Amino acid sequence: MKNRTINIAVAIVFLLAWGIYGTYYFLNLNTSMQEVVLNHENVDKVYLQISRRPSELTPSTDPDTDVILKDKERVQAILDQFSNVKLKKVSKIEDKIKVDYIYKVIIYPKTDQDVPADYSIEILNSKFISISGSGGRRKSLYQTYKITDGFDYNSFKTSMDTLLVK
């Protein structure tokens, strides 16, 4: 009888722990660019490297292009485009990437030393973004997100192309 009571108690504790973990996991599937990246960065202490490369599905003879932005106002303007973006974690991309170019915004800390980027945001298309980097932490992250709201891809693309053509 005593063994049976212990087994039932262990099973209840296991089920509660599994339920708490599951709830935590599903609550963390939805997030925002603000929570993932922007809250961790100070515009005064970073600069951006913005790159554009032809996508693999769209053969192009255009070379990769990039630009470095160190001006606080321009950095803030780019980061503001991401401020209202709502994201949902995904394990794989549902759609093939059907765009001419893939854009990458890399956030570097302003220092005299050569240090790795805090974050790299790769805009795969109007529906998917990948974020990688350490954000100043020891553990690095890499996650692909589905954009659920708040991102105007065409406006972003136009502003990036304007920067990269200059």
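The values are calculated or read from the model by the stated rules, or taken from the named source; none is laboratory data. Everything numeric in this text was worked out from a predicted model, so none of it was measured. Note: ideal-geometry Cβ built from the backbone for every residue, glycine included; neighbour counts use all protein chains shown. Just so you know, the surface numbers come from the protein's heavy atoms only, side chains and all, with ligands and any DNA or RNA stripped out. Shrake-Rupley method; radii C 1.70, N 1.55, O 1.52, S 1.80 Å.
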Next on the checklist: Looking only at the range 81-94, filter to residues that are open to solvent by less than 90 Å² (accessible area, probe 1.4 Å) and out of contact with any helix residue (DSSP H, G or I) (no Cβ under 9 Å at 6 or more places or on another chain); which one of those is modelled with the lowest pLDDT?
Outcome noted: Ile93
Checklist entry - In the range 33-47, how many residues are part of a strand (DSSP E or B) and among the aliphatic types (A, V, I, L, M)? => result 1
Checklist entry - Only one of (1) buried (at least 16 other Cβ atoms within 10 Å of the Cβ); (2) at pLDDT 85 or above fails for Ile8. Which number is that? => result (1)
Checklist entry - From the residues in the range 110-148 that are at pLDDT below 85 and among the charged types (D, E, K, R), which one is nearest to Ser91 (Cα to Cα)? => result Lys139
Checklist entry - Any idea which residue in the range 101-131 is least open to solvent (accessible area, probe 1.4 Å), counting only those that are in a loop (DSSP other than H, G, I, E, B) and polar (S, T, N, Q)? => result Asn125
Next on the checklist: Looking at the range 31-44 only, could you name the residues that are in contact with a strand residue (DSSP E or B) (Cβ under 8 Å, 6 or more places away or on another chain) and more than 10 Å from Ile107 (Cβ to Cβ)?
Outcome noted: Thr31, Ser32, Met33, Val36
Checklist entry - What pairs come up if the first residue lies in the range 27-50 and is open to solvent by 40 Å² or more (accessible area, probe 1.4 Å), the second is modelled with pLDDT under 75 and outside any helix (DSSP H, G or I), and their beta carbons are under 6 Å apart, counting only those six or more places apart or on different chains? => result His40/Gly135
